[in-house]
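One structure is given below, encoded as structure tokens.
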Amino acid sequence: MSIPLSIQWTDQQLVILDQQKLPHIIEYIELNTIEDVYDAILKLKVRGAPAIGITAAYGLAIAAQRHEPESLEAFHHYVRKDASYLAESRPTAVNLVWALERLLAAVQQAKTVEEAKALLIDEAVKIHQEDEESCRSIGDYALSLLEGQTRVMTICNAGSIATAKYGTALAPFHLGSERGKTFEVFACETRPVFQGSRLTVWELQQSGVDVTLITDSMAAHTIGAKEIEAIIVGADRIAANGDTANKIGTLNLALLAAAYQIPFYVAAPVSTFDLSIENGKNITIEERHPDEITHIGGEPIAPIGTKVFNPAFDVTPGHLITAIITEKGVILPEYDKNISSLLGAHTGK
Ligand code: MRU
């Protein structure tokens, strides 16, 4: 039993687990160019807010190694251009822009082009390593909150393969498994892109966690029938007032948690907060290709030409969230005050 990893950086080579092929094909692919990285993020070969940030950071560093500019100034220009290109790959997870901006800030210290190239790689590696530490810490805090609870529901995949290791919402299950605390996890997101069935179920099975798959429409019934005691989810962007964007269907679960009066936890690193955004109304929600809804495995399941609305994320208002679990500690309502006091200057963007 082991916790799966999705991003590897060895001997200056970026390798990712192709998550589009899971759960039946375990294939690792090399990303050699900025276009490879853009394409991998766009096509969900690598996904999950922190993993997108880490991969984009490596992508920017890889692209920079190829530039042979006439001056340091010209180099900065190319790197900024590359960062803007990568930032366009997916719009909702703020970790993407956060990671790219961290590299752009780090590279300012360089005195030569060679130094700048090395700094970019160092900073990407740092982001990767720090994310693993953050997720471990989130897992510790989440384990304390879930001390008296065993049956927990989650949605999508906010797991090890969505981060450097451990995950956010799934971190307490992995750490619990290492420490002898058993959970019964109920996993959703069977549409539009099967992140629960293909990814979370696979990941938790790999590390020996008890996991049961349900379809999203079964959540309300299952909370009652299986006496679910808490819901824990990840996040793609958290506004200053606690409003949280996460995989489509998260809002449904938050409303159900309120109706059943069970806790609804959001688990996310500091890099997922965007204090430049006052509330969730200003979060850009990615809309994806209609084929994700009209087709399964390439086969049409709706009349050809059917009109489709396919938002990839929704926004859960802060008032439905019992607590936000970060690597720096647990944030309780009132979020507009408590988020900024815990995070200080550390914000996603
Ligand atoms: O479309 P995805 O798979 O990138 O969506 C992922 C999620 O919504 C996750 O819950 C979120 O990014 C947090 S990952 C730790």
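The values are calculated or read from the model by the stated rules, or taken from the named source; none is laboratory data. In this text the structure is predicted, and so the values were computed from the model without any measurement. Cβ: placed from backbone, ideal geometry, glycine included. Neighbour counts: every protein chain shown.
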Matching residues, the range 11-50, being in contact (Cβ under 8 Å) with a residue 24 or more places away in the chain and among the polar types (S, T, N, Q): 12, 19, 20, 32, 33
One residue from 348, 280, 318 being out of contact with any His (no Cβ under 6 Å at 6 or more places or on another chain) and modelled with pLDDT under 95: 348
Given (1) in contact with a helix residue (DSSP H, G or I) (Cβ under 8 Å, 6 or more places away or on another chain); (2) modelled with pLDDT of 95 or more, index of the condition residue 43 fails: (1)
Lone qualifier among 245, 268, 239 - being in contact with an Asp or Glu (Cβ under 8 Å, 6 or more places away or on another chain), closer than 19 Å to residue 341 by Cβ, buried (at least 21 other Cβ atoms within 10 Å of the Cβ) and of a type in the set (A, V, I, L, M, F, W, C): 239
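Residue-by-condition table, conditions (1) within 16 Å of the ligand (Cβ to nearest atom); (2) without any contact (Cβ under 8 Å) to a residue 60 or more places away in the chain; (3) touching a His at 6+ places or on another chain (Cβ under 8 Å):
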position	(1), (2), (3)
52	yes, yes, no
55	yes, yes, no
64	no, yes, no
72	no, yes, no
79	no, yes, yes
84	no, yes, no
88	yes, yes, no
Tally of residues being within 11 Å of the ligand (Cβ to nearest atom) and in a loop (DSSP other than H, G, I, E, B) across the range 166-211: 8
In the range 244-270, the residues that are over 16 Å from residue 315 (Cβ atoms) and among the β-branched types (Val, Ile, Thr): 262, 270
Flag for residue 116 being free of Cβ contacts under 8 Å to residues at least 24 places away in the same chain, part of a helix (DSSP H, G or I) and more than 16 Å from the ligand (Cβ to nearest atom): no
Residue within the range 284-303 that is within 12 Å of the ligand (Cβ to nearest atom), under 30 Å from residue 129 (Cβ atoms) and not basic (Lys, Arg) present: yes
Filter result for residue 96 (out of contact with any Pro (no Cβ under 7 Å at 6 or more places or on another chain) and in a loop (DSSP other than H, G, I, E, B)): no
Output for the range 17-53, where each listed residue is touching a Ser or Thr at 6+ places or on another chain (Cβ under 6 Å) and in a strand (DSSP E or B): 17
Residue within the range 149-162 that is of a type in the set (A, V, I, L, M, F, W, C), in a helix (DSSP H, G or I) and near the ligand (Cβ under 10 Å from one of its atoms) present: yes
Of the criteria (1) more than 16 Å from the ligand (Cβ to nearest atom); (2) surrounded by 13 or more Cβ atoms within 10 Å (Cβ to Cβ); (3) part of a helix (DSSP H, G or I); (4) not β-branched (Val, Ile, Thr), which one residue 14 fails: (3)
Every residue from the range 60-82 that is in a loop (DSSP other than H, G, I, E, B), surrounded by 14 or more Cβ atoms within 10 Å (Cβ to Cβ) and out of contact with any Asp or Glu (no Cβ under 9 Å at 6 or more places or on another chain): 69
